[in-house]
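Asker: Would you mind keeping the following structure in view while I ask a few things?
The values are calculated or read from the model by the stated rules, or taken from the named source; none is laboratory data. For clarity, every value in this text was computed on a predicted model and none was experimentally measured. All Cβ positions, glycine included, derive from the backbone under ideal geometry; neighbour counts span all protein chains shown.
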Amino acid sequence: MKNILVFGQEEELCSLIREPLMRENLACAFVGKTGALFKKMSSSKEEKPEAIIIDLDLSDDISGWDICKILKGEKETKRIPVIMTSGKYTTPADIVFGFRLGIDDYVIKPFNPNVFVARLKAILRRNSFSSDLQRNTRHILLATKDRSIIVDLEKRTVNLYADGKHGITKFFTPKEFDLLCLFIKKNNQTLSREAIGEAIWGQSFFDTSRTIDKHIEKLRRKLGKLGKNIRSVYGIGYRFVA
């Protein structure tokens, strides 16, 4: 069972979301002291949590903002999703400041526990996709018998190879590149527009102007003949056929 770490002044927040977390096969652990939090994060013997929830309405020797800065600045913890929650710091400026620190979501109290956990699950899915990409320096996909794609994740470039000839380097916008990586990871799987929007644009993305379709059309053009391998699935979304 995956573990979610809650840091705050009282264990009430952990108790509030424990039941909906368990329904999603997630466990909740509470830490109330800064020292205990960083000891847990720095220990090589303990498994790192899947996500950290920071309650800003805490009174300790260090603020939740500072804790977030430290977590996002350390190599071992910077990729762990952080969700901030508060009933005190609720202005747009507070929320923007949180996102600038690198948090993944900001939830204002009071909130519905089921909605909170649904948002958390969406963040975990996106983080899983990102982590899969980070574990490799390159993704190689043979699209057909005589064509292949090499995606360089560090340079964020794509080399197209055909008939054994030298590769042609293509440059993509950030969203186009992320779309291609998603299709490579999920090749031969049908992806709904909702799943694509959530993975690339985030959980609050609503495609009211055919943004996904337009990006995929541009991606197809840049891939040349390989673009036809991105198939439309009527009424659902898209599938990359490898």
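Asker: Are there any pairs, at least 6 apart or on different chains, whose C-beta atoms fall under 8 Å, with the first in region 87-112 and more than 13 Å from ASP55 (Cα to Cα) and assigned by TED's automatic domain parsing to the domain that holds ILE70 and the second modelled with pLDDT under 90 and among the aliphatic types (A, V, I, L, M), and if so, which?
Answerer: From region 87-112, the pairs are ASP104/ILE123.
Asker: A further question follows. I'm trying to understand the selection: among the residues of region 76-130, which are of a type in the set (Lys, Arg) and within 22 Å of SER15 (Cα to Cα)?
Answerer: LYS88, LYS109, ARG119, LYS121
Asker: Next question, about the same structure. Within region 14-22, can one find any residue that is of a type outside the set (Asp, Glu) and farther than 20 Å from TYR106 by Cα?
Answerer: Checked region 14-22: at least one residue is of a type outside the set (Asp, Glu) and farther than 20 Å from TYR106 by Cα.
Asker: Here are some residues: GLU74, GLU19, GLU10, GLU50. Which one is closer than 15 Å to LEU120 by Cβ and surrounded by fewer than 16 Cβ atoms within 10 Å (Cβ to Cβ)?
Answerer: GLU19
Asker: Give the residue that is surrounded by the most Cβ atoms within 10 Å (Cβ to Cβ), with candidates limited to residues of region 209-240 that are touching a helix residue (DSSP H, G or I) at 6+ places or on another chain (Cβ under 6 Å) and β-branched (Val, Ile, Thr).
Answerer: ILE212
Asker: Could you pull out every one of the strands (runs of 3 or more DSSP E) wholly within region 1-112 that has 3 or more residues that are at pLDDT below 90 and in contact with a strand residue (DSSP E or B) (Cβ under 6 Å, 6 or more places away or on another chain)?
Answerer: Fully inside region 1-112 and qualifying: 2-7, 26-31.
Asker: On to the next question. Take region 208-225 and flag every residue that is out of contact with any Lys or Arg (no Cβ under 6 Å at 6 or more places or on another chain) and closer than 19 Å to LYS170 by Cβ. Reasoning before the result, please.
Answerer: Residues of region 208-225 out of contact with any Lys or Arg (no Cβ under 6 Å at 6 or more places or on another chain): 208-211, 213-214, 216-221, 223-225.
Once the filter is applied, which keeps residues that are out of contact with any Lys or Arg (no Cβ under 6 Å at 6 or more places or on another chain) and closer than 19 Å to LYS170 by Cβ, region 208-225 yields LYS214, ILE216, GLU217, LYS218, LEU219, ARG220, ARG221, LEU223, GLY224, LYS225.
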